[in-house]
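Readers should treat all values here as calculations from the given coordinates under stated rules, not as data from a laboratory. These numbers come from a predicted model, not from an experiment. Don't worry about glycine lacking a Cβ; one is built from the backbone with ideal geometry, like all the others, and counts go over all protein chains shown.
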Amino acid sequence: MSKLGVWIAALGVGALAASAADAQSLTLTSSDIKEGGNIAIEQVFKGFGCAGSNVSPALSWSGAPAGTKSFAVSMYDPDAPPGSGWWHWVVFNIPPATTSFPKGAGDVKKKLMPKGAIQSRTDFGTDGYGGPCPPPGEKPHHYQITVFAVDVDKLPNAKDHMASAAGVGFDLHFHTLAKATLTGLYGR
């Protein structure tokens, strides 16, 4: 290989490494849920036999890669009995200047989400946040809260609050630049 070929190959590898570094720089934190920690009763669902307050946690994220035009946030329980998991929260079309949600933003009646953000249906059949509520006696479930940096300002197929988690996930599959996940545990 010529010196020019080696230089071009090194430049290409350097560009890929820079892109990977950008994708790895997105971080997600919460003052209410610590990574791998137990989720408080305040965040637990109220209903289905659970007696929590159903208050969504405060979230904060940083390090979005260049080209981020919006964000999405989800909360998913891969341990749920249906075998396909359980969607507890789906928010999309979050404006790119947004870097946090206050505690309780998942209550659609409070209108704490930034303008343009859409909270769609959960597997509880309602819009907004639905906290943990695993069956009694099971090992604690893992609740994965994920923020997605998205390369479009509005998801192309998920149009409104009636969008399913699967529909939002389909769009995110093709438009995610980076993502960061925070996992909390809850069992009863």
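In bins 10 Å wide, starting from 0, what share of all Cα pairs of segment 87-146 does each bin hold, as a percent?
21, 48, 24, 7, 0
What is the set of long-range amide H partners of residue 44 at a cut-off below 5 Å, with H atoms built 1.01 Å from backbone N?
Answer set, sorted by chain and number: 53, 54, 55.
For a Förster distance of 35 Å, can you work out the FRET efficiency between the beta-carbons of residue 46 and residue 160, rounded to the nearest 0.05? Could you put the intermediate results ahead of the total?
Details: r = 25 Å, r/R0 = 0.73.
Once rounded, the FRET efficiency stands at 0.85.
Give me the orientation-averaged projected area of the Cα convex hull of segment 42-82, in nm², one decimal.
4.7
Quick one: which of 115/179; 69/115; 46/110; 46/154; 109/179; 46/139 span more than 25 angstrom between C-alpha atoms?
Pairs exceeding the cut-off: 46/154; 109/179.
Helix 165-175 versus the longest principal axis of the chain: what is the Cα-based angle in degrees, 0 to 90, to the nearest 10?
10
When averaged across all projection directions, what area in nm² does the alpha-carbon convex hull of segment 46-188 cover?
Values: hull surface 31.8 nm².
It is 8.0 nm².
Could you compute the net charge surrounding residue 142? Neighbours are other residues with a C-beta less than 12 Å from the C-beta of residue 142; K and R count +1, D and E count -1.
Net local charge, residue 142 excluded: -3.
What does the helix-only formula give at 222 nm for the chain: each DSSP H stretch with n ≥ 4 adding -39500 (n - 2.57), the total divided by the residues, and the result rounded to the nearest 500 deg cm²/dmol?
-6000 deg cm²/dmol
Please identify the trypsin sites (Lys or Arg not before Pro) of segment 47-150 that satisfy two criteria: DSSP loop assignment and at most 15 other Cβ atoms within 10 Å. Which are they?
111, 115
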